[in-house]
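Have a look at the structure below before the remarks.
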Ligand code: SAM
């Protein structure tokens, strides 16, 4: 690109990417978006600083940077700058907003960000950096992710908030109404299961997850969960309940191929002929040229887990190796895509 050779605008913007992320994360952690959403009128940086207990100087710089990235608006009148929320900030960034991504941001800021500071070691060694970042053994990924009750709830908040954006699209990528009983394996808080229950009201939907996760889901995410049932277990070492359709959303990307095949075989054995499995993942393009989101998620799996993101052909290969057929791929055009396969 000739413009980039004249002056590397895009490159400089990329270098700044982590700082831009941190501007949004910091505002979120301090409660800037909630304050502005709940305020009837635009606020000065002094007022925001006073309400949130920060330094006036620090807050002024933070608010200005948020204006610079079009997350806030500013009007300067009589020498006073008054800041207000944009529609995007009000919809997605405040904790109490309709499509809040607050929990996603908190997890990215407090857990993903420290992990990514060890990315060079992750690439060098080809494995996760839970040891270096958190002092935890690299073998047990979920022991690291769930290293405290607080961390577990933060992770569950992250999982819960993603389906605000893509949930409806991935569950309606195929007409699943023919499947009477649906089990979402590793279904966590039940966010995707709720989307399933809403899209297919005559099907029964069950979330299957580790006991402590189910307990926390029922305790902390329960009012939202009336339409789904919960079942505890371990999908590697235990039994899985009978179902017409098994959902694996963001499960296979956590694991290396041999563990994926083990899990798919277990599902195949539990599945009746005509039953199916729905994979929901951020899928790479076959030509390796994107999507950038999936490529970045794949690095995230390297630094945090044991798996990787894959292209549809890799999922199809694992599915047909297990014995599934009628493999259909649906790209949603958003972050997550769906694959349906039938026994
Ligand atoms: N499916 C959810 C979603 O997409 O939002 C959560 C995906 S999260 C990356 C992986 C999930 O698998 C977690 O909820 C975790 O507790 C669950 N999990 C991990 N190991 C498991 C096991 N051995 N048996 C059952 N669930 C497990």
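How would 61, 127, 289 line up from fewest to most surrounding beta-carbon atoms within 10 angstrom?
On the way: 61 13, 127 16, 289 9.
Lowest to highest Cβ neighbour count: 289, 61, 127.
What is the antiparallel percent of DSSP beta bridges lying wholly in the chain, to the nearest 5? Please list the in-between numbers first.
Numbers: 18 of 36 bridges.
Bridges in the chain that DSSP calls antiparallel: roughly 50 percent.
Give me 337, 140, 184, 254 ranked fewest to most by other Cβ atoms within 10 Å of their Cβ, as a rough exposure proxy.
140, 254, 337, 184
Relative contact order, percent, of the chain when contacts are C-alpha pairs under 8 Å separated by at least 6 residues?
On the way: 546 pairs, mean separation 42.6, N = 343.
Worked out over the chain, it gives 12 percent.
Give the Rg/Rh ratio for the stretch 146-202, taking Rg as the radius of gyration of the Cα atoms and Rh as the Kirkwood radius, to two decimals.
Values: Rg = 12.9 Å, Rh = 12.3 Å.
With Rh from the inverse mean 1/r over Cα pairs, Rg/Rh is 1.05.
Put a dot 7 Å past each Cα toward the Cβ at residue 227 and residue 180; how far apart are the dots in nm?
So the label points at residue 180 and residue 227 sit 2.0 nm apart.
What is the ratio of the Cα radius of gyration of the stretch 183-335 to 2.2 N^0.38 Å, where N is its residue count, to two decimals? Walk me through the numbers before you get to the answer.
Details: Rg = 15.5 Å, N = 153, 2.2 N^0.38 = 14.9 Å.
Rg over 2.2 N^0.38 Å, computed on Cα atoms: 1.04.
In terms of the Cα gyration tensor, with a ≥ b ≥ c the square roots of its eigenvalues, is the chain rounded because a/c is under 1.5, prolate because a/b exceeds b/c, or oblate? Don't jump to the answer; show the numbers that get you there.
On the way: a/c = 1.93, a/b = 1.62, b/c = 1.19.
It comes out prolate by the Cα gyration axes.
For a Förster distance of 56 Å, can you work out the FRET efficiency between the beta-carbons of residue 259 and residue 99, rounded to the nearest 0.05? Could you put the intermediate results ahead of the total?
On the way: r = 33 Å, r/R0 = 0.60.
The pair residue 259/residue 99 has a calculated efficiency of 0.95.
Calculate the length of the line joining the C-alpha centroid of the stretch 325-343 to that of the stretch 179-215, in whole Å.
For the stretch 325-343 versus the stretch 179-215, the Cα centre distance is 18 Å.
Rounded to whole Å and sorted largest first, what semi-axes of the equivalent ellipsoid does the C-alpha gyration tensor of the stretch 256-315 yield via the square root of 5 times each eigenvalue? Mind showing how you got there, number by number?
Working: eigenvalues 125, 40, 14 Å².
Each semi-axis is the square root of five times an eigenvalue, giving 25, 14, 8 Å.
Calculate how steeply helix 292-304 sits against the longest principal axis of the alpha-carbon atoms of the chain, using the helix alpha-carbon long axis, and give the answer as 0 to 90 degrees to the nearest 10.
80
Using a basic spin-label model with each label point 7 Å from the Cα along Cα→Cβ, how many nm lie between residue 140 and residue 10?
In this crude spin-label approximation the distance works out to 4.5 nm.
Please pull out the direction-averaged projected area of the stretch 2-93, using the convex hull of its alpha-carbon atoms, in nm² to one decimal place. Write down the numbers at each step before the final one.
On the way: hull surface 29.0 nm².
Approximately 7.2 nm², given one-decimal rounding.
Treat the count of other C-beta atoms within 10 Å as a stand-in for reagent exposure and order 150, 281 from fewest to most. Spell out each step's value before the answer.
Values: 150 9, 281 24.
Ascending Cβ contact count within 10 Å gives the list 150, 281.
Counting each pair of different Cα atoms once, what's the Kirkwood radius of the stretch 1-158 in Å, rounded to one decimal?
Values: mean 1/r = 0.0560 Å⁻¹.
Taking the inverse mean of 1/r over all distinct Cα pairs, the stretch 1-158 comes out at 17.8 Å.
Which one, 62, 279, 252, has the greatest fluctuation when you compute a Gaussian network model over the chain with C-alpha springs under 10 angstrom?
Comparing 62, 279, 252 in a Gaussian network model of the chain, the most mobile one is 62.
Give me the one-decimal nm value for the distance between modelled label points at residue 112 and residue 1, 7 Å along each residue's Cα-to-Cβ direction.
The modelled label-to-label distance comes out at 2.2 nm.
Given the Cα-Cα distance of residue 287 and residue 46 and 0.36 nm per residue of separation, how much length would full extension add, in nm? Intermediate results must be reported in sequence, preceding the final value.
Values: separation 241, 0.36 × 241 = 86.76 nm, distance 5.14 nm.
Value of the extension gain: 81.6 nm.
Would you mind classifying the stretch 83-185 by shape? Square roots of the alpha carbon gyration tensor eigenvalues, ordered a ≥ b ≥ c; an a/c under 1.5 is rounded, otherwise it is prolate if a/b is larger than b/c and oblate if not. Intermediate results must be reported in sequence, preceding the final value.
Values: a/c = 2.21, a/b = 1.27, b/c = 1.74.
It is oblate, given that a/c is not under 1.5 and a/b is not larger than b/c.
Just so you know, all these numbers are worked out from the coordinates, no wet-lab data involved. Source: prediction; values computed, not measured. In this analysis, Cβ positions are derived from the backbone assuming ideal geometry, glycine residues included, and neighbour counts consider all displayed protein chains.
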